[in-house]
1. If you count the DSSP beta bridges with both ends in chain A, what percent of them are antiparallel, to the nearest 5?
2. Just to confirm the number: angle between the C-alpha axis of helix B:298-313 and the first principal axis of chain B, 0 to 90 degrees, nearest 10?
3. Which distances, shortest first and in nm, link B:Gly45 to the matching position in the other copies, using label points set 7 Å out along Cα to C-beta?
4. Starting from the Cα of B:Lys142, step 7 Å along the direction of its Cβ; do the same at A:Ala211; then give the gap between the two resulting points in nm.
5. Would you mind counting up the charge near A:Thr254? Only other residues with Cβ under 12 Å from its Cβ, with Lys and Arg at +1 and Asp and Glu at -1.
6. Put +1 on the Cβ of every Lys and Arg and -1 on every Asp and Glu Cβ in the protein assembly as shown; which of A:Pro191, B:His286, B:Ala52 then has its Cα farthest towards the positive end of the dipole?
7. Treating only the Cβ atoms of Lys and Arg (+1) and Asp and Glu (-1) as charged, compute the dipole magnitude of chain A about its Cα centre; round to the nearest 20 debye.
8. May I ask which residue of B:Ala32, B:Leu86, B:Pro68 lies farthest towards the positive end of the charge dipole of chain B, with charges of +1 (Lys, Arg) and -1 (Asp, Glu) on Cβ and the Cα centre as origin?
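Nothing in this text is a laboratory measurement; each read-out follows from the coordinates by a stated rule. Nothing here was measured: the structure is a model prediction, and the numbers come from that model. Heads up, the Cβs are rebuilt from the backbone with ideal geometry, glycines too, and the neighbour counts pull from every protein chain shown.
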Protein chains: 2
Amino acid sequence: MSPTIRDVAKRLNLSIYTVSRALDGYDDVADATRQRVIEMAKEMGYTPSRAARQLRRKRADAIGYILPASGPHFTDPFFSIFIAGLGDEATSHKFDLLVSTAEPDSLAEKELYERWVQGHLVDGLVLSRMRLNDWRVDYLLKNQFPFAAHGRSLNCDQYPYIDMDSQAGFLTIVNHLVERGHRRIAYIGAPRNFTLQEHRFTGYCEGLKAAGIEFDPALVCEGDFSRNGGYQAALRLLNLAHPPTAIIGVNDMTAVGAIRAARERGLVVGRDLAVAGYDGTDDSEHTQPPLTTLRQNAYETSRRLVRVLLARISGEDIENMQQIMPLELLVRESTSFQYRQLENI
Amino acid sequence: MSPTIRDVAKRLNLSIYTVSRALDGYDDVADATRQRVIEMAKEMGYTPSRAARQLRRKRADAIGYILPASGPHFTDPFFSIFIAGLGDEATSHKFDLLVSTAEPDSLAEKELYERWVQGHLVDGLVLSRMRLNDWRVDYLLKNQFPFAAHGRSLNCDQYPYIDMDSQAGFLTIVNHLVERGHRRIAYIGAPRNFTLQEHRFTGYCEGLKAAGIEFDPALVCEGDFSRNGGYQAALRLLNLAHPPTAIIGVNDMTAVGAIRAARERGLVVGRDLAVAGYDGTDDSEHTQPPLTTLRQNAYETSRRLVRVLLARISGEDIENMQQIMPLELLVRESTSFQYRQLENI
DNA sequence: TTATATCACATAAACGTTTAGGAAAAGTCA
DNA sequence: TGACTTTTCCTAAACGTTTATGTGATATAA
């Protein structure tokens, strides 16, 4: 067994009180004593038991994040970066990061959140992939449990979040495509209950309107954030009698799937078809051709989320309860050509 | 505050002992009593405090995994799948998964492992990206701390691991390329301290030997598992006076970078240059052209690792302490063409 | 000199569980 | 009937911390 605070105290002929206070840096311990304690603790390899500390202090020094995934087929690289950011920032504050996976709105998800919250397993939670009516928000608000969200739900004024103005972002993308001469611009979205779908779709519609293009419901498909979802949806679009000349994916994964579909149809993306995505994950830079996308800084965002969450946990006032992070339109080859407007004039 | 076991006991006029035993399913509680307890616990929304349970039981019901990453530029999708597998399997055993990130062989890594092990924050650890002389293995063995590894270090007979026979795998890839007519086959590897580099590089060399191709050190580069590392290395290779006609990447990321480099050089991958990778992550299917790769089932592997680890933790005998998972060569377009052996005959 | 403040440490009580060791009540057997 | 076993529950002691409260010794002030 590893040594306890009691063992250290005994070796020094001190009380456990003194050891505890010395190690935690309180000033009611003489400097000489503190030195002895610190050295002995190090020598004996003493590390405080997290469980005991947690029980006594009533905090876990840990935050939690539940991946919106299920099974192996959910591997959006976005979440690799996101988790890396959470982990790095948490670690730098001596917090741990508890991670699990659950399918959105599943029973397992509910049980997991309840277990973590009720059992005080974590001091706060990071939410992502917000839904319009998000039971997690209701649940956590009701239990007064600290959390911070990436994105927002409908009642988003009551909690801290960081979001992108993806509505404006999608308007920008449509704009960009219109400038390139496109008039038949398709959109492959996400399931409707996700807030981001509402924002991005609205941005898409506004973009069309601004360009005086009539909205065509045939050009809107629903994907599922995955490459395969994008692939399937793009195939449907390209099979239309009057197919689109440009496709916007709700995220990069979707766009990657669309690129693949185009290729299978013998279309050269960047010449015969424009494709754009959203997220700006590293791999969007390495698609063939490189993908035009709206880059959000997922790493910085997740680090900020942790900072906001920790402030929330320690009850500090948060100055920027709600932050909107900038988006950067990265124009790459997948949309770089000027479309010859033969048919649409 | 959420109710404690004491609150439940009081409401039922029982002792906390009975409540505890009833909920944990021991048979020294009358069935009728057990029913009452269970119902009341549910009604009051009682969840045992993890900290208290952990303190008393001396186990955390959690396992840990430390991502070999640092900063934002580490986003191998392999780890998304890997973590998803860990999370799913752990959850199904009512275990939690603690995740953090640390740069391999950094001080931070050491501190993190020590904190988790000494503080009994987790009951066991999953290791990955094993190094030849892996201090983690020494440390954990010395402390008799349960762990299971993805891959192996030099002294791998003393702990459970799951590995692929990537040496044979790389031999197979070389074979495949030789069959396609290639003689100048390059290899972009990983830093030397990683075991997998040794295995894969050896496999590459054996493949060359089997085909009677002389080893050319100019065709071997070191990458860093990343797209960019692969990109840079591939540029160097393609700048050679006598460049390779095929490039094998130590992983898919590296290969993706190589594809990009080829493209920038005006080479069409699958016609002018063959590229192959390793991992079989989902995105290898969606590169342009789709990437030939050795597929390992990361999801299944990580789930198995958790099972092995949990067996280890509960002291069970493990039948398959060391498992070698199969690899599947996925031949896709990136290597599908027959190379015209003009110069090399 | 005495009263009081400060310093440096100690004692002991929590925190919410699990569980060893009993113990009363009921059942079983001679 | 009495002795023994079984069932069902309880009391109380841990687990390893943190911290409210206490206490001598020394320093300071009146």
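1. DSSP beta bridges in chain A are roughly 10 percent antiparallel.
2. 40 degrees
3. Here B:Gly45 shows inter-copy label distances of 4.3 nm.
4. With each label placed 7 Å out from Cα toward Cβ, I get 6.4 nm.
5. -2
6. B:Ala52
7. 680 debye
8. The Cα lying farthest towards the positive end belongs to B:Ala32.
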